[in-house]
Amino acid sequence: MYVRPGKIEGLFIIERPTFGDDRGFFRESFRLNELEEARGAPATFVQENHSRSHRGALRGLHFENWEKLVYVPHGEVFTALADIRQGSPTLGCVETFVLGESNRLKLFLPAAIAHGFCVLSEDADYVYQVTSYWDGSDTRAVAWNDPDLAVPWPISHPTISDRDIRAPSLRELLPEVAAAIQRQARGSTG
């Protein structure tokens, strides 16, 4: 099985074999039919985006109303996903991965998952396909260091954009979601 579910509801991890020899390697990084079978629903990707970032850069935590297929063909990144969807069975769950040349994992993210990454290598290419065209109207962000999400970033002083510096906390942006996460945390410790 090349596609398996993650801890977050709707997240799928795609891991296909890589075949190497003296020339380099070959791999099929993705097959749509495998993803659709695993999730039990079709996926239609309409746009592909490619960013390159340098060591210490952090982008996120962003969330949009589209599904996303993420791949790091060059370099290594630490990526973090946080379920901030009101009513989700995995609300408050944070899942992290190292993506890149060391493992060639690909992730399928459901819509509205808070998502970010920081670069561990000298630079890294982050390529992702999405199921809706970007127009800027539905892109929101939560502070990368939000205490309610407590992402275990492997970096303490990242290089981040002005937009991400100004991103509100979860309590400011989605107070009902932050309250539900706090209630859930109290219930699991008590």
Every listed condition ((1) at pLDDT 95 or above; (2) within 24 Å of Leu170 (Cβ to Cβ); (3) under 11 Å from the mean Cα position of the chain (by Cα); (4) part of a strand (DSSP E or B)) holds for Leu69 save (2)
Limited to the stretch 28-53, what total is found for residues that are farther than 18 Å from Leu105 by Cα and hydroxyl-bearing (Ser, Thr, Tyr)?
-> 2
Could you tell me whether the stretch 99-116 includes any residue that is over 28 Å from Tyr2 (Cβ atoms) and polar (S, T, N, Q)?
-> no
From Gln86, Gln129, Gln184, residue being closer than 21 Å to Leu11 by Cα and more than 19 Å from the chain's Cα centre (by Cα) | Gln184
Is it the case that the stretch 163-170 has a residue that's assigned to a loop (DSSP other than H, G, I, E, B), closer than 30 Å to Gln47 by Cβ, among the polar types (S, T, N, Q) and in contact (Cβ under 8 Å) with a residue 40 or more places away in the chain?
-> no
Across the stretch 135-152, what is the total count of residues that are free of Cβ contacts under 8 Å to residues at least 12 places away in the same chain and hydroxyl-bearing (Ser, Thr, Tyr)?
-> 1
Which condition number in (1) of a type in the set (Gly, Ala, Ser); (2) surrounded by 13 or more Cβ atoms within 10 Å (Cβ to Cβ); (3) over 17 Å from the mean Cα position of the chain (by Cα) is the one that Gly75 fails?
-> (3)
Asp135 being within 18 Å of the chain's Cα centre (by Cα) and charged (D, E, K, R) = no
What is the residue count in the stretch 81-100 for residues that are surrounded by fewer than 22 Cβ atoms within 10 Å (Cβ to Cβ) and of a type in the set (A, V, I, L, M, F, W, C)?
-> 5
Is it true that Asn103 is surrounded by fewer than 16 Cβ atoms within 10 Å (Cβ to Cβ), under 14 Å from the mean Cα position of the chain (by Cα) and either part of a strand (DSSP E or B) or at pLDDT below 95 (or both)?
-> no
Matching residues in the stretch 1-26 - criterion: being part of a loop (DSSP other than H, G, I, E, B) and within 16 Å of Leu107 (Cβ to Cβ) = Met1, Tyr2, Gly6, Lys7, Ile8, Glu9, Gly10, Leu11, Glu15, Arg16
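The values are calculated or read from the model by the stated rules, or taken from the named source; none is laboratory data. Owing to the predicted nature of the structure, the values given are computational and were not obtained by experimental measurement. We place every Cβ from the backbone using ideal geometry, glycine too, and count neighbours over all the protein chains shown.
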